[in-house]
Each structure stands twice: as C-alpha cells, then as structure tokens.
Amino acid sequence: MADRRLVLPVAGILLFLSCVPVAYCASLPVPPLVEAELLIPVSVYGTSVGKPIYARVVSDWQSPACALRPGGILKGRLVAAVARSRSAKTSSLALVFDSGECVGRQMKSLPLTVIAVLAPLPSSALDVTPPLNEAVGIGIEGGMRNVMTAPATANRQLVREERPATVTPGSVVGLRGLRLSVGTGPEGSSVVSATGQNVRLERGSRFYLVPGTTLPPPAAAGATATTAAPSSAPSPPPAVSSAADPPAALASVPVDETETCSPPHCSIVLPDANAAATARTEASVSIAELHYAPRLHREAYNFDHEAAVAFLGPGELLCTFNSHPLVERSAAEDATRVIRALLVDVTTMRVTRALDWRVFDDKQYLWPSYENRVLVHVGDELRVYGPGLRLQNKTKLAGPLAFLSTSPSGRTIALGIVRERHSPEIHRQLQRDLERPPEEDVEVRLLDGDLRLLGSWVHSGNIAVPVLSNGGELRLLLSSAQRYRIVEYGWNKQRRNVASIVSTCTPDLASVPPNLILVSGCAGVTRKKWCRVLKPDGQPILKTSCSSPEMMQYASGNDAGQLFALGVVEAAGAVIPGASFRATDLAEGRISIYNTQDGGLVAKIRIPSPTATEQTFALSPDGHRVAVLSGSSILFYDIPSSAAANQPTPKATN
C-alpha cells in the first residue's frame, strides 16, 4: 500500500483517533484539534511516573460534552518513562491527558491523545494581545487636549507564530532527534522517544490533541503511526510581526529613522551640558513632621511608588506618601499601605487638606489626569480627584488591578483587572505542582477620562501593558534582527507607521505629555544605552545617551504643552542590569526640562539626596514652576520664562 499517512488541516475536519488504528479512520467524521502548551518541563529523569502533567489551552475548542477556552487547563499523567542506558540506547516518555477545565472552571473527564508535538515558541500564543481599537470594536472621535500625565509602562509586541498549515499524526516539529508514536503506549498513551539522548520536553512545548484514546494498531500495521523525520523537520519560523516588512525590505540594511538629530529642530545632549543650567537648593519645606520618611535601605530592583507629587492647578500641589503606620492585615493583604495625601497651597505653603487612602498593593497608585485632576487607585476603586482634593468620580474594580495606562492627555485610560481563572481547588493544585502561582485571566477595560466605559474584554495569558498616545495605542514591532518599528493603532481604525529604530537590545517605549514618544535602546556590541524623544510624527527632538551609573527615573510634561522633563539618577558606582539597589546607592538626581518644539534645554536641577521613588517631581500646569521631592523635603523651583535662561531659582518657603 502507498504512503498511509494522514495529513490533517489544523482548522478543518480532523482525524478522530478513538476509533481504531490511524490508517483505518480516514473516512470517519472528525472533530477539530485541541492546541495546548506544556506548563512544566517533562523529562525521563526529572518527572516521576504518575506525576500530573499540565498544559494550557491556546484556542477555543468545543464538543458536545466539553467547551475549552484559551487559558484553560488540561491535566494528564506521565504513564511510563525509560531513560537511556548502556543496555537501552533509546529513551522514551509515555503521555496521556484525561481531564480538562470544561464549562468554565470545573475539571471534567476529557480523554485526549497527543498526535503531534512542536517546539516552544519564543512567545506564547496566549501572550499576543490584539490592538485595543480592534479588540473592543470602538472608535474614539474628536480631538484630545494636551494635559500632564505620567509616562506609560514600556510595551513590547509579542508576536504569534504561524501555525502549521497541516498536521500529520506522529509529527514532531522543531525538536531534533525526537519521534512520536501515537497511541502505542500504556493506557493508549502517545510515546515520545529518542535514540542517543534522554527525552526532555521543555515548558512551552506545543501539543496537538484529539478526543479519545487510540488502540494499538495490529502487528501488520507496524509498531507506530507515521512520524516526521527529525533531521528534516522544519524549525519554527523566526519571530516577526503580524505586519512584516516586504522581503526586500527585510534583506536591506537596517535604517534608524530617529538616529539623525539635526538642529534647530532637534537637540543633542552633550556630556559637558550636564554642568550647565544647574542650581543649588537654598530653601525647602520639610514634611518629616508629617510622618514622611524615605526608606533609604530598602532593596529594590526598580524605582518604587512609595510617594508621588502632582499639581491640582497652578496654586495647589498634591503630595502623597506611604505613612508606614502599623497596619493590621491578613495574609491576603500583606502589601497593604496607608497613603497619606496632603494638599499644599503653593502661595502660603500650608496644608489645606489631608486624606488617608488604603492601597492593597505596592504598585503605582496615582496618575495625573486632565483639567487639574488626578486618577487614584484606592482600595477596590478607581477615583478621580479635582482641585481642592474633591472627589469627582469613581468606579468599582471588583478585583486586583493588574495594570493601568493613560494617554498623555489623560482622556483615555486602559486598565486590567485580575479575574480568577481556576476554581480554588485547581488553583491550589496548580500552585503546588507548578511551584509558582498559576496565571489568571485579565479583564481589560477602556475608559474615558471621566471613567465612562468604552469597551471591555477578557484576556487569557500574560498581557503587555499598553502604551497610549493621544490618538491611539503605540506598539513596538520587530521587523528583523535589531530592527523595530513604532506603530500607532489609531482610535479611527487606521494603523500608522511612526518611525523605524535599530537597537541591539529590546527597546523600551513610553508616552510622555503633552504628546511625545520616549524610546530607549542600545547601540553597538557594548550595548550603550541611548534615549530619544520623538514627536507624534516620529520626528526626533531630543537625543541623549546614558552612562553605566545613570538610570532613567521619571518623565513628565505640563498642561500648556510647552515643556517636558526627564529625571535621571546617578549611582555611586556602575549599575549592573537586573541587580538590586538601595537609595543610599544613589549619588545624585538630575531633572532636565526641555521645550517641546526643538528639545532645547530650559533648565536643569540637581538633587543632592534622590530617593528610589519614581514620581518625585511635577511640572505646574502653567509651566512656571516645578516641585521636587528630595529626601524629606519638597523643593519648589521657578522655571525661567525664556528658553534661553538656564538657572532655575528655588522658591523661598517657610
């Protein structure tokens, strides 16, 4: 008989293997495949026979008895394991899956047979998130005003690999030396084997499964179903964006459209410019007696959110900080903080109002918004406070806040709320067997600046924090090796290429008021850090580089749209990426204020006692002053009205 392999379309009608040997089922109607990713490594040495094996469902699947959704759990077992030895040159693993999270969060009996194994992808298919404008099917009409807000968290596009067009039962793709025998093991399990090596399947390995278990084929049919030759199995394609450049463009030399910075439209920060435009602090307002004390010896890997300052108008400053009281808490509230909010009259330097907010995590809790307002995460609510620290609006979250991102104007908000994916029993089992907390679902909401809901959906898997511009969502797409494109997915349903950049490390992307783009990356084999500020059309207005001891701390802008500021701290010694640090390791801070037209330096302020906190300064809406949190004091500086002036003067205080 000729080649008896069955080639099955992934998205079409597929083989139902619970009948009889594979070769005899070609004429039967068949259900679609279940696609899943292995959650823990499985090997002949590291996994004992009988130990549970978990896989995560990648796409929706439904049968009359069960409905699986993305992120759902499949539970199986290692039925048999044979290690390579002197007498046994071939090692093998026998796997069977027998239950899944059907109909919501309940685990039900669901016999499944593995018919194909593929190598892990660089990024999980579940970690791919659609653009916000596509996911909710909305359009935001009208212009957006330029208002101060904090920069958005860095976002990177996670790219979905193309699935194979067809799947041959018994095929192994991208895993050299491995073979798969479908349904030939104990209890109808599928057997993964290798000669000359011990079998190991890494976390993220992909399975294609069909309902039911197979019976061993008759002797005449051979010991195994068809297998793909390991030596000729194609490797997974390289990670590229869903909108890849044409082949000719990919083969060309990478071009960085933001590299050129030509005065007078763009400014370059030179090393000797750091000594100019400085001022010494001669007056300050102490807030130590108001129970603020920076935690100087706390180890951290990132700048924390123990304090934040924001203007609620030209004459009002909101200063918030962790008051560190003795908080009675349960094990579920081990990160509870009491944030003290003080409203300071800038003219009299008096505290006119004080509030205490209970915050249940250690993440960012305050974001500047439009029209002299702030957005605050308090307890289980998201609140809007306006001038006078008066509550203007609020909405219930009904769950832990996973992330929050605002547009530079503050008129669009994207947030994620953690939703329990599994039942309590399954959650405990997964945490015990995976030795880490299992993933949860995230409900993504898109709101306007008044907290009105524009759209929402539930995402299963990890989700990158979106970076919002005033016109849509910014994403960083990988085009080819070391080449990236900044793309804006507009609320008007249009996609626009902003700029192309070249970086030897994965770049970081953020938006900065009034409507600027902050991108940082690496240059050359030494991976020296660089930072650039772009206009919405991709035109660079500022170009700078960072030495080893320097770390970007914060970026902000003002209501009038004339200024933006970058905060940098310098460590006493070289900074090792990924290493922990303390506030005592920081030598000094530096806030540089630029105009938004050409990136010209307006003022520079040196902070002798920087804290390891992110939101330590704020520009007033009118652009006339800046407030800085330094040590246990608030410093007020007058910003020169002329861009040519470069000596900020501290405002005298009592």
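The values are calculated or read from the model by the stated rules, or taken from the named source; none is laboratory data. Every value quoted in this text rests on a predicted model; they were computed, and no experiment measured them. Every residue, glycine as well, gets a Cβ built from its backbone with ideal geometry; the counts of neighbours run over all protein chains shown.
Please pick out the residue among Val568, Val628 that is more than 20 Å from Thr320 (Cα to Cα), in the same structural domain as Asn470 (by TED's automatic domain parsing), assigned to a strand (DSSP E or B) and modelled with pLDDT of 85 or more.
Sole residue among the options that is more than 20 Å from Thr320 (Cα to Cα), in the same structural domain as Asn470 (by TED's automatic domain parsing), assigned to a strand (DSSP E or B) and modelled with pLDDT of 85 or more: Val568.
Here are Val136, Val159, Val147, Val167: which of them is modelled with pLDDT under 90, of a type in the set (A, V, I, L, M), over 24 Å from the mean Cα position of the chain (by Cα) and closer than 21 Å to Val467 by Cβ?
After ruling out the rest, the residue left standing is Val147.
Could we say that Leu451 is modelled with pLDDT of 95 or more and either in the same structural domain as Cys261 (by TED's automatic domain parsing) or more than 30 Å from Leu38 (Cβ to Cβ) (or both) here?
Considered against the rule, which asks whether it is modelled with pLDDT of 95 or more and either in the same structural domain as Cys261 (by TED's automatic domain parsing) or more than 30 Å from Leu38 (Cβ to Cβ) (or both), Leu451 comes out as yes.
Against the conditions (1) out of contact with any His (no Cβ under 6 Å at 6 or more places or on another chain); (2) assigned to a loop (DSSP other than H, G, I, E, B); (3) at pLDDT 80 or above, where does Thr653 fall short? Just the number, please.
Going through the list (1) out of contact with any His (no Cβ under 6 Å at 6 or more places or on another chain); (2) assigned to a loop (DSSP other than H, G, I, E, B); (3) at pLDDT 80 or above, Thr653 breaks only (3).
Output yes when any residue across the range 41-52 is touching an Asp or Glu at 6+ places or on another chain (Cβ under 7 Å), assigned by TED's automatic domain parsing to the domain that holds Thr195 and over 19 Å from Ser190 (Cβ atoms), and no when none is. Before you say what the answer is, go through the steps one by one.
Initial filter on the range 41-52 (touching an Asp or Glu at 6+ places or on another chain (Cβ under 7 Å)): 41, 52.
So of that shortlist, the ones also assigned by TED's automatic domain parsing to the domain that holds Thr195 come out as 41, 52.
With the extra rule that they be over 19 Å from Ser190 (Cβ atoms), the set shrinks to none.
Scanning the range 41-52, I find no residue that is touching an Asp or Glu at 6+ places or on another chain (Cβ under 7 Å), assigned by TED's automatic domain parsing to the domain that holds Thr195 and over 19 Å from Ser190 (Cβ atoms), so the answer is no.
Quick one: is Val351 among the aliphatic types (A, V, I, L, M) and in contact with a Pro (Cβ under 6 Å, 6 or more places away or on another chain)?
no
From Gly455, Gly410, which residue is part of a strand (DSSP E or B) and either touching a Leu at 6+ places or on another chain (Cβ under 9 Å) or farther than 29 Å from Phe360 by Cα (or both)?
Gly455 is the lone residue from the list that is part of a strand (DSSP E or B) and either touching a Leu at 6+ places or on another chain (Cβ under 9 Å) or farther than 29 Å from Phe360 by Cα (or both).
Those residues that are β-branched (Val, Ile, Thr) and either touching a Cys at 6+ places or on another chain (Cβ under 6 Å) or crowded, with 16+ Cβ neighbours inside 10 Å (or both), I need them from the range 526-544; list them, please.
Val533, Ile541, Thr544
Scan the strands (runs of 3 or more DSSP E) fully inside the range 311-404 and keep the ones with 1 or more residues being aliphatic (A, V, I, L, M) and either modelled with pLDDT under 90 or surrounded by 19 or more Cβ atoms within 10 Å (Cβ to Cβ) (or both).
Fully inside the range 311-404 and qualifying: 316-322, 337-345, 350-359, 366-368, 374-378, 381-386.
Within the range 470-485, count every residue that is within 18 Å of Lys529 (Cβ to Cβ) and surrounded by 21 or more Cβ atoms within 10 Å (Cβ to Cβ).
Going through the range 470-485 one residue at a time, the tally reaches 2.
Check whether at least one residue in the range 185-196 is under 33 Å from the mean Cα position of the chain (by Cα), surrounded by fewer than 23 Cβ atoms within 10 Å (Cβ to Cβ) and in a strand (DSSP E or B), and report yes or no.
Kept after step one, since they are under 33 Å from the mean Cα position of the chain (by Cα), are these residues of the range 185-196: none.
Scanning the range 185-196, I find no residue that is under 33 Å from the mean Cα position of the chain (by Cα), surrounded by fewer than 23 Cβ atoms within 10 Å (Cβ to Cβ) and in a strand (DSSP E or B), so the answer is no.
Within the bounds of the range 78-88, is there any residue that is out of contact with any His (no Cβ under 9 Å at 6 or more places or on another chain), at pLDDT below 85, over 21 Å from Thr184 (Cα atoms) and among the hydrophobic types (A, V, I, L, M, F, W, C)?
No, the range 78-88 contains no residue that is out of contact with any His (no Cβ under 9 Å at 6 or more places or on another chain), at pLDDT below 85, over 21 Å from Thr184 (Cα atoms) and among the hydrophobic types (A, V, I, L, M, F, W, C).
Give me the strands (runs of 3 or more DSSP E) completely within the range 27-125, filtered to those with at least 2 residues that are acidic (Asp, Glu) and over 13 Å from Phe207 (Cβ atoms), ordered by residue number.
It comes to 90-102.
Please determine, by comparing only the residues of the range 599-613 that are touching a residue at least 60 places away in the same chain (Cβ under 8 Å) and surrounded by fewer than 21 Cβ atoms within 10 Å (Cβ to Cβ), which one is nearest to His297 (Cα to Cα).
Pro608
Take the conditions surrounded by 24 or more Cβ atoms within 10 Å (Cβ to Cβ) and touching a helix residue (DSSP H, G or I) at 6+ places or on another chain (Cβ under 8 Å) and apply them to Ala571. Does it pass?
Here the answer is no, as Ala571 does not meet what is asked.
Within the range 503-525, take every residue that is of a type in the set (S, T, N, Q) and surrounded by fewer than 19 Cβ atoms within 10 Å (Cβ to Cβ) and give me the one that is modelled with the highest pLDDT. Full working, then the answer.
Taking the range 503-525 and keeping what is of a type in the set (S, T, N, Q), we get 503-504, 506, 511, 515, 520.
Next, only the ones that are surrounded by fewer than 19 Cβ atoms within 10 Å (Cβ to Cβ) stay: 504, 506.
On the way: Thr504: 91, Thr506: 87.
Here the answer is Thr504.
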